[in-house]
Structures are given as C-alpha cells and as structure tokens.
Amino acid sequence: MGLRTIMIFPDFENGEIIDKIREKYDPLAKMVRPHITIVFPFDIQLSDEEIEKILDNRLNGIKPFEIEFQGFSKCEDKFGNYLFLEVVRGSDIIEDIHDTLYENEFKKLDLELPYTPHMTVGKLSSVDELNNAYEEIKDISCSFSSLIEKISVERIGENEESIIIIEKRLDW
C-alpha cells in the first residue's frame, strides 16, 4: 500500500511568505505543499476506496470552514526540531476531525500524544539551528487565511513526493 497521510492543503493569498520560510527551513518544501496533517503517515491494510468511504462517513455534516494562522512556535521532541505556524482560528474543527478518525478506524495508530493543529514550516537538524531559525521568523506578524473545502489523502512516493490520491469535498 505504501505510506499515506490525511491532510488539509490551505490556499493563501500571501502564501509566498510561507513558501520562502519553508524553502529555507523545511526539507520537504519541494515535495509537498504547505499543509496541516490530520492523520500522520500510516501503512495499514485499507484500500484507497475504503479510506474514501471512511472519510465520506466521518466527514458527513462537516461544512467548509475558515482557518487562520498567525505566529510561530518551535517544538523539540523525539521526532525532531520543528518550526510551526500556529492556527488561531478553525483549530477546533480540525481537532474534531483528527479525534474522530483516531477514535475510530485509525485507533490502532494513535500514539496518544496531544494534538494541536499547526503547519510545519521547518525541520532543523539541531536545537541551535532551530533556535536561530526561530529568531529569524518569530517577528513575522502576517496572518494567513483560507477557506477549507476539502480533506485530502496523499500517498508518499519513493522520493518523499506527495501524490494526492483522494480529495473529499466538504458538504455545503
């Protein structure tokens, strides 16, 4: 099956600011568009059609919603050293979608870690690099808004590239 991920891909009018930050600090910038991960990379025995049916069922009744990002944070954990763009509006809906999927069909994948919606804009190889990058971007005060109308499933290709295999439109 290969690794797949469930994500949201916001479209921003001022997205070039995010793109420039990611080009400098995110090794995946050329492989995958700016995104919010809802279900982290998984390799389970579900066909793409079965995943699409799960999304049809679990997203039923969720309408398109506005999302807004503003401000940056840094995170050091066992997975790496990350720069995040923070969600300031719409995170409750994203958390609900994440929780619903992990409480049901994706339960065996749940690491039971706290989930806070965010957009990763950097992954650095050391804490010093992370701190320096954070100092460079922390004062950027722009906000980034988007209407979210679909949830996507990507397959992660052999070279880490993002291959969109499902796009589930949210119902008006």
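The values are calculated or read from the model by the stated rules, or taken from the named source; none is laboratory data. Source: prediction; values computed, not measured. Here the Cβ is made from the backbone with ideal geometry for all residues, glycine too, and neighbour counts use every protein chain on show. Protein only, heavy atoms only, side chains kept; ligands, DNA and RNA dropped before computing areas. Shrake-Rupley method; radii C 1.70, N 1.55, O 1.52, S 1.80 Å.
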Discussion item. Need the failing condition index for Glu66 against (1) touching a residue at least 60 places away in the same chain (Cβ under 8 Å); (2) under 21 Å from Ile156 (Cα atoms); (3) within 16 Å of the chain's Cα centre (by Cα); (4) surrounded by fewer than 20 Cβ atoms within 10 Å (Cβ to Cβ), just the number.
Written reply: (2)
Item to complete: Go through the stretch 155-170 and give me each residue that's under 23 Å from Glu95 (Cα atoms), open to solvent by 70 Å² or more (accessible area, probe 1.4 Å) and either in contact (Cβ under 8 Å) with a residue 60 or more places away in the chain or acidic (Asp, Glu) (or both).
Response: Glu167
Worksheet, complete the sentence: Of the residues in the stretch 97-114 that are open to solvent by 90 Å² or more (accessible area, probe 1.4 Å) and among the charged types (D, E, K, R), the one that is modelled with the lowest pLDDT is Glu112
Practice prompt. Please work out which residue is nearest to Arg89 (Cα to Cα), limiting yourself to the stretch 13-28 and to residues that are at pLDDT 95 or above, open to solvent by 20 Å² or more (accessible area, probe 1.4 Å) and touching a helix residue (DSSP H, G or I) at 6+ places or on another chain (Cβ under 9 Å).
Written response: Tyr25
Response to the item:
Out of (1) under 18 Å from Ala29 (Cα atoms); (2) of a type in the set (S, T, N, Q); (3) open to solvent by 70 Å² or more (accessible area, probe 1.4 Å), the one Thr120 does not meet is (3)
Discussion item. Just to be sure before I move on: is Leu55 touching a strand residue (DSSP E or B) at 6+ places or on another chain (Cβ under 9 Å), open to solvent by less than 20 Å² (accessible area, probe 1.4 Å), within 23 Å of Ser141 (Cβ to Cβ) and at pLDDT 95 or above in the structure I sent?
Written reply: no
Worksheet item: What's the number of the condition Lys63 fails, among (1) among the charged types (D, E, K, R); (2) closer than 22 Å to Tyr134 by Cα; (3) touching a Phe, Trp or Tyr at 6+ places or on another chain (Cβ under 8 Å)?
Response: (2)
Fill in: From the options Ile6, Ile36, residue that is modelled with pLDDT of 95 or more, within 15 Å of the chain's Cα centre (by Cα) and over 19 Å from Lys123 (Cα atoms)
Ile6
Discussion item. Residues that are under 15 Å from Ser73 (Cβ atoms), open to solvent by 10 Å² or more (accessible area, probe 1.4 Å), in contact (Cβ under 8 Å) with a residue 12 or more places away in the chain and not hydroxyl-bearing (Ser, Thr, Tyr): does the stretch 140-154 have at least one?
Written reply: yes
Item to complete: Mind listing whichever residues of the stretch 29-46 are part of a loop (DSSP other than H, G, I, E, B), open to solvent by 20 Å² or more (accessible area, probe 1.4 Å) and touching a residue at least 12 places away in the same chain (Cβ under 8 Å)?
Response: Met31, Arg33, Pro34, His35, Asp43, Gln45, Leu46
Discussion item. Looking at the stretch 69-81, can you tell me whether even one residue there is open to solvent by less than 20 Å² (accessible area, probe 1.4 Å) and either modelled with pLDDT under 95 or of a type in the set (Ser, Thr, Tyr) (or both)?
Written reply: yes
